[in-house]
Every structure is written in structure tokens, then in C-alpha cells.
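Okay, so here's the structure we're looking at.
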Amino acid sequence: MIKDTTKTRRKITESFPIPAIGHYKEKVLNWLNQFDTFCFLDNHEYAIPPHSFECLCAAGVEDSIEVKGGVALDLLQAFIDRSTDRYLFGHLGYDLKNEIGQLSSTHSDPVGFPDLFFFEPQILLWMNDQEITIQADDPQIVFNEINRGNKKKSGVPSSPPTTKSRFTKDEYISVIRKLKEHILRGDCYEINFCQEFFLEKITIDPVAAYLDLSKISPNPFSALYRLKDQWLIGASPERFLKKEGSKIISQPIKGTSKRETGDRVKDNARKEELLQSAKDRAENVMVVDLVRNDLARICKEGTVKVDELYGIYSFPQVHQMISTVSGDLEEGIRFTDMIRACFPMGSMTGAPKKRVMELIEKYEKTKRGLFSGALGYISPDGFDFNVVIRSMLYNSATGYLSFPAGSGITFYSDPEKEWEECRMKAEAIRHVLEKTS
């Protein structure tokens, strides 16, 4: 469904000085909460190159498109082509794979995000550490509204909710052993297998939950995203794709180790252990090869290169192994051509991509929905999208909250360690949800 509420009026852009940005982000988030559709993209001052904004957010709907799979990408491209002089915000759900790869899905999706949604905002805001820039009919009114209130509610219920999992530990280990048998038979080389942690019939304040999560686990591709009753409360460390001019960049993550934040020596040892890990390096180079292959389909011959291999980056909860791959786009390549070539991202599927997506469908128990998809923006100059991981997906109408976690399975995987890695990745979210107000 395409909604067109476009009005022929000129927006005004104006900048205003602000105090400490951390405090001001909270003001903006509380102001955003009045809108039934908004997107708040937060870099948390990481500035991992290439870097564009500290904070970018969009509120209200001027024009939008919402589509289930089938011909979603064709409709999206037509929507984009209406105007090249606007910002669009939105998401690509994991199950667009069915359209791109001639696949199918039969599992349930209790959160219920559409496969694809993009909107042109009524109000657009940029923030850095000194000022906020507002594009709106009257930026001064918006600025005054933001400054008027800053009330924070509790992020979680008054009593700790009970977290459930789709797999017991024994069931999970059994599946990992079956996946290793697939690898041994040559069905695939590596597969990203996810388990869903979830809660039912709970009520949370998503804005406060996002603020709580940001204190524990601030990550460079964090987001708070609302589409009516569906919410994404995200702390993603991973970039999917970024386009600047004719250059396209992907930064896949493969390889994780737990931080030892109270002991610098042990923490550095963890970093070195991750860098030297044969399993993690094998996973990382596999996904780098997959990304190179994807980008080669849309880039000029000979331009795809690995800018950084096995880069170790530290975040509050974990160390991550991140590689950067880039290329120069062929002439005439459109946004949806890039998505068809690269989506879903290799870091959340494995290799070869189509076969592992079939195995994911076979062994996982629910649809991933927006998890393993991408959230971001398209601008007149390019675009930037994250990988939706380390996130809560919440339906405020039903009270269903999901926070999946996964890991890359290879022939060398230890099922017990993979189980622990999933729990480690979900630890920050679990801490937010299980604390009392």
C-alpha cells in the first residue's frame, strides 16, 4: 500500500545551539513519542568511518509506502523515483529474501512488522554536539516543543518479566550438531543460526527502554523506530550498506568475544584471542568473500576491494571482528538493484546464501521479521543502513516482545560455546528487561 499525503509547501531549515547532546537526545526522544511513526538513528559518538551524522531523526508522515513481499522492491523503486530531492526513512524486513531469492516462509511472526516500509517525514532533525538542525514548516515551533518537556518514565514493568526461549539448551545443541552435519556433507560452509528470546503480554515504555539500553550498550548504529504499534529498540554495532556518491561500502561483523571491563590486561587478552581465533577468522573471511561477490554484481570491474580485514573494535559488552569492503558502482545502478544484489546481508545468513536461508527456515522456529533486516535512510546524496541485531522488537498492542540472538556456525563450532555466545549477545537486553523499576 502506498500512502500519498504530499503537500506542495516549502520546508524551512534552521539550526539552534543546544547544551550537552546526551541530555538533549532524551528531550528529542520524548518529543518524538507523540508521533505514531518516527525513526531516531543514533551514533553514540563512535564516528566509525565513514561517518555522516551523530544523530538523525524523522517524525510524522508526509508520504509513505508499506508492502508485503512479492513485488515490494519494484514498488519501492517507483516510490523512490517520485523525487530525488528528499529523505526517506524505513526498513527492509528479512523476509524480502523470499522475493529476491525465490524462497518461502511458513513460520509465524508475532511482532508483525511489514516486509517493507519507507516514509518521507514531515519533520527532519540532525544533531551534533553543538547544535540541532530542524527542517519543518516552522523550525522554531518544533524547537520550542522539544525544550518544553523531559519526563522519563520507567522502561520496564514493576515486576521482572519471565524471559522464554524457543529452544531449550539441549534442543539448541542438537540443532547445531545437525547444521554441522550439513556442513560436513557440503551443503554449506557457514550458517548464521538464531534463537528467539521473547516475552508475552508485557507493557514497557519504549523510549525509556531505549534510554536504558543506551546506557548499558551504546552502539554506533543504534535506533528507536516506531511504526504505529510496532517498535524497534535497537543497539546494533553493524553497518549493512552505505552509499556515498558512486562508492558503496559494507562492514560485516563476524567474530565476538566478551569484554573484561574491570581488568585491562584480561580485556586486551580477549581482544588478542579474538584476533588470533582460527574459527572467527574463518567466519570473517567467508563473509568478506560473500560481500565481495555481492558487490561485484553491481560495481565496476576491478574496483571491489577489502579496505580492512579482521579489524577488532571494542564496544561496552563485547569485542567484535569487523571487516570493510567497498567498490565503485556501475553507472545506472538503482537502490533496489543494490538491495537485490546484497540482501539479506551475508553476516546474518552464511554461505552459500540461498542454501543457508533454506536451512534457516528449516531449523529456526519463527520468522525473523525485522530482525536480520536493515533500518536506515535514503538521502539525495546516498544512503546508510544498519543490520538489525542486538535489538528488541515490540508490539505494544499485543504486549509481545522479541529479542533474537545468533552466531555463525562452522564445522569447528563448539555447540556449548555457541549457546553461550547467543546468551552473551542478549545479555544487555535481558538486563534492561529484567531489572525492576
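The values are calculated or read from the model by the stated rules, or taken from the named source; none is laboratory data. Being a predicted model, the structure only gives us computed values, none of them experimental. Counting neighbours? That spans all protein chains shown, and the Cβs are built from the backbone with ideal geometry, glycine included. Just so you know, the surface numbers come from the protein's heavy atoms only, side chains and all, with ligands and any DNA or RNA stripped out. Shrake-Rupley method; radii C 1.70, N 1.55, O 1.52, S 1.80 Å.
For the chain, compute Rg over Rh where Rg is the Cα radius of gyration and Rh is the Kirkwood radius from the inverse mean 1/r over Cα pairs.
Ratio of gyration radius to Kirkwood radius for the chain: 0.94.
Kindly identify the range 165-276 as rounded, prolate or oblate by the Cα gyration tensor criterion: order the square roots of the eigenvalues as a ≥ b ≥ c, call it rounded if a/c is under 1.5, otherwise compare a/b with b/c, prolate if a/b is larger, else oblate. Don't skip to the answer; put the middle values down first.
Values: a/c = 1.34, a/b = 1.18, b/c = 1.13.
Judged from the Cα gyration tensor, the range 165-276 comes out rounded (a/c under 1.5).
If we count every other residue with Cβ under 12 angstrom of I233's Cβ, Lys/Arg +1 and Asp/Glu -1, where does the sum land?
Once all neighbours under 12 Å are counted, the net charge is -1.
List the residues whose amide H sits under 5 Å from the amide H of R166, counting only those 5 or more places along or on another chain, with H placed 1.01 Å from N in the peptide plane.
Those lying under 5 Å, H to H, from R166 are E196.
Over the range 346-431, calculate the relative contact order: mean separation of alpha carbon pairs under 8 Å at least 6 apart, over the residue count, as a percent. Intermediate values should be presented prior to the final figure.
Details: 72 pairs, mean separation 15.5, N = 86.
Over the range 346-431, the number comes to 18 percent.
So how do 393-401, 364-372 stack up, highest first, on mean other-Cβ count within 10 Å?
364-372, 393-401
Report the relative contact order of the chain, percent, no decimals, based on alpha-carbon pairs under 8 angstrom and at least 6 residues apart.
On the way: 949 pairs, mean separation 102.9, N = 437.
24 percent.
Please work out the C-alpha center-to-center distance from the range 379-428 to the range 26-84 and express it in whole Å.
20
Taking the alpha-carbon set of the range 22-74, what are its Rg and Dmax in Å?
14.9, 43
Highest mean first, what order results for 114-124, 262-272, 323-333 on Cβ atoms within 10 Å? Please report the intermediate quantities before stating the final value.
Values: 114-124: 23.3, 262-272: 12.4, 323-333: 17.3.
In descending order of packing, they fall as 114-124, 323-333, 262-272.
Around G69, which amide H atoms from residues at least 5 apart in sequence, or from another chain, sit under 5 Å from its own amide H, with H modelled in the peptide plane?
Amide H to amide H, under 5 Å and 5 or more residues apart or across chains, G69 pairs with D115.
When the Cα centres of the range 176-205 and the range 96-120 are compared, how far apart do they sit, in Å?
Value for the Cα centre distance between the two parts: 18 Å.
Sorting check: for 345-352, 210-217, 41-48, which peptide has the highest mean count of neighbouring beta carbons within 10 Å, and how do the rest follow?
345-352, 210-217, 41-48
Hey, what did the range 23-124 get for relative contact order, percent, Cα under 8 Å, at least 6 apart?
Working: 128 pairs, mean separation 34.9, N = 102.
Value for the range 23-124: 34 percent.
What FRET efficiency would be calculated for the residue pair T398, K169, taking the C-beta separation as r and a Förster radius of 30 Å, to the nearest 0.05?
Efficiency, from the Cβ-Cβ distance: 0.60.
So, for the chain, what is the accessible surface per residue at a probe of 1.4 Å, expressed in square angstrom?
Working: 17850 Å² over 437 residues.
In whole numbers, the chain has 41 Å² accessible per residue.
In whole Hz and in residue order, list the ³J(HN,Hα) couplings for the range 400-410 that follow from phi through the Karplus curve 6.51 cos²θ - 1.76 cosθ + 1.60, θ = phi - 60°; x for Gly and Pro.
Going residue by residue, I get 8, 10, 10, 9, x, 8, x, 8, x, 9, 10 Hz, with x marking Gly and Pro.
Bin width 5 Å, alpha-carbon pairs only: give the P(r) of the range 218-323 as whole percents, running from 0 to the bin holding the largest distance.
Going from the shortest bin to the longest, the percentages are 2, 11, 18, 18, 17, 14, 11, 6, 3, 0.
Identify which of T256, T168, T203 has the largest mean-square fluctuation in a Gaussian network model of the chain, with springs joining Cα atoms closer than 10 Å.
Most flexible of the set in this elastic network: T168.
For the chain, which whole percent of the accessible surface, found with a 1.4 angstrom probe, sits on carbon and sulfur atoms?
That fraction is 47 percent.
Expressed as cubic angstrom per residue, what is the convex hull volume of the alpha carbon set of the range 310-437? Could you put the intermediate results ahead of the total?
Values: hull volume 24.0 nm³, N = 128.
Dividing the Cα hull volume of the range 310-437 by its residues yields 187 Å³.
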